[in-house]
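Undergrad: This is the structure, below, for whatever I ask next.
The values are calculated or read from the model by the stated rules, or taken from the named source; none is laboratory data. Note that the coordinates shown come from a computational prediction; the quantities given were computed from them, not determined experimentally. Here the Cβ positions follow ideal geometry from the backbone for every residue, glycine too, while neighbour counts run over all protein chains shown.
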Amino acid sequence: MDLKMPRERTQLNIKIDPELLVKLKSEAIKSGKTLTEFVVEQLKNIPEKSSESSLEERLLRIEKILLINEDSPKLDKKIGTIFTDQGAKEYGEIARSEFESHAKKRGLTISEALQQLASHIKNYPYSNPELIFQILLGTHELTGLEMTTAYRHGSCGMRSALNDWTKQPLETLNKAFLDAVITKSLAN
């Protein structure tokens, strides 16, 4: 898609966070460009489809970072918990909501739905079925540390099993996962 724009100068009146503006100016100076030249260059270099455009791709990227850190105790200590407790709590609540919704759609009792889900959970050797059931029953509030631990052993058994059981991408659960991440932890 090639849009022809007039070659005249256009001024965008946008508000930019002062800290971001300082960072942009600093990067522009380092590269020997004016702020305008630097921003225009950065905008031109944005790929048409970002490599992290889908939630699943972003999840896989974060999981890959966690798996790298699993083998490195030094990095483990540096990064620590990468999920907020509040984000983990919301992630657990959304998982529970998705579980209950799909159980209802299938006309299953919670007990029957848990039995069906259990057959999917067993496919994930590092999952913690007891913890998953407590979260889905609403008797346990997921913490950032528990969520981090689950992802350090691979992907989250609860999310993976729910995906398998529902045969749906569960985008709200994926988004809750991403929202729970402490992004500064991944910048290290």
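Undergrad: Taking the range 123-143, which residues are within 19 Å of Ser160 (Cβ to Cβ) and loosely packed, with under 12 Cβ neighbours inside 10 Å?
TA: Listed by number, the residues that qualify are Asn123, Pro125, Glu130.
Undergrad: Let me ask something else. Kindly provide the set of residues from the range 139-158 that are within 10 Å of Asp85 (Cβ to Cβ) and either outside the structural domain of Ile121 (by TED's automatic domain parsing) or part of a loop (DSSP other than H, G, I, E, B) (or both), ordered by number.
TA: Glu141, Leu142, Thr143
Undergrad: If you don't mind, there's one more thing I want to ask. Among the residues of the range 76-132, what is the count of those that are under 20 Å from the mean Cα position of the chain (by Cα), of a type in the set (Ser, Thr, Tyr) and not in a helix (DSSP H, G or I)?
TA: 5
Undergrad: Search the range 66-95 for residues being polar (S, T, N, Q) and at pLDDT 50 or above, and hand back the single one that is surrounded by the fewest Cβ atoms within 10 Å (Cβ to Cβ).
TA: Gln86
Undergrad: Just one of the numbered conditions (1) closer than 17 Å to Ser101 by Cβ; (2) of a type outside the set (Asp, Glu); (3) surrounded by 17 or more Cβ atoms within 10 Å (Cβ to Cβ) is not true of Met147; which one?
TA: (1)
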